Amino acid sequence: MLSTLEDEIGLRTGRAVKQQREALGFSLRTLATHSGISSSMISDIERGTKSPTVITLVRLAQALGVTAAALVDEGAGPAPRIRVLRSGEGAGGEHPARWKTLAPGTPGSRIDFVHYQIPPSTVLGPTAAHAPGTVEHMHVAAGTVRVTVGDETAELAAGDSCSCRTDVTHIIENPDPAAEALIYLIVERR
């Protein structure tokens, strides 16, 4: 009985690691670099052929931006669309915001680097879904913003960052009635 439970938890955890890794667009090698766990060990965990130690599970969870419990308990659930990094934690179209592209796009480039100044009490969007695999990385340089991607919302303050899978409708808003928000956005298309 116990080995069946162990097998079930190992398989569920492996699926969750793979699901989170793919949702972030990480290769096995990228996750290995971020977690300090070898890519062959991660592959074995994802396939359910090896069970991670508690330390390995915690290191993978930290690299994926989730809790270790989420990898064990929520292996069958969807990966979050928004991953927030709070200040101090290491690691175009027509709208009222003033924006400019900061780096010229080279032919065939899949990355845009954009600077937005969002006036007080301004909502940008809803913006239509981007192509599958598109990730927007945002850093809030000043002010506060509320980011809604699909049915998930995150509140960000100056110094916070987030990465969002924007293959669904999404909104960025400055809820402050008195202060402009300044964000830097990298749009990464797959």
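Any read-out appearing in this document is the output of simple, stated calculations on the displayed coordinates, not a laboratory observation. Since the model is a prediction, treat every value here as computed from it, not as a measurement. Note: ideal-geometry Cβ built from the backbone for every residue, glycine included; neighbour counts use all protein chains shown.
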Query raised in the report: Using 16 Å as the cut-off for backbone N distance, which residues of segment 130-152 belong to the label zone defined by a point 7 Å from the Cα of H115 along Cα→Cβ?
Result: 139-143
Query raised in the report: So which chymotrypsin sites (Phe, Trp or Tyr not before Pro) in segment 111-190 pass both tests, a DSSP loop state and at most 14 other Cβ atoms within 10 Å of the Cβ?
Result: none
**Report entry** Where labels lie 7 Å past Cα in the beta-carbon direction, separation of R29 and D151 in nm
**Finding:** 3.8 nm
Report summary line: Cα-based Rg and Dmax for segment 2-79, in Å, come out at 11.0, 34
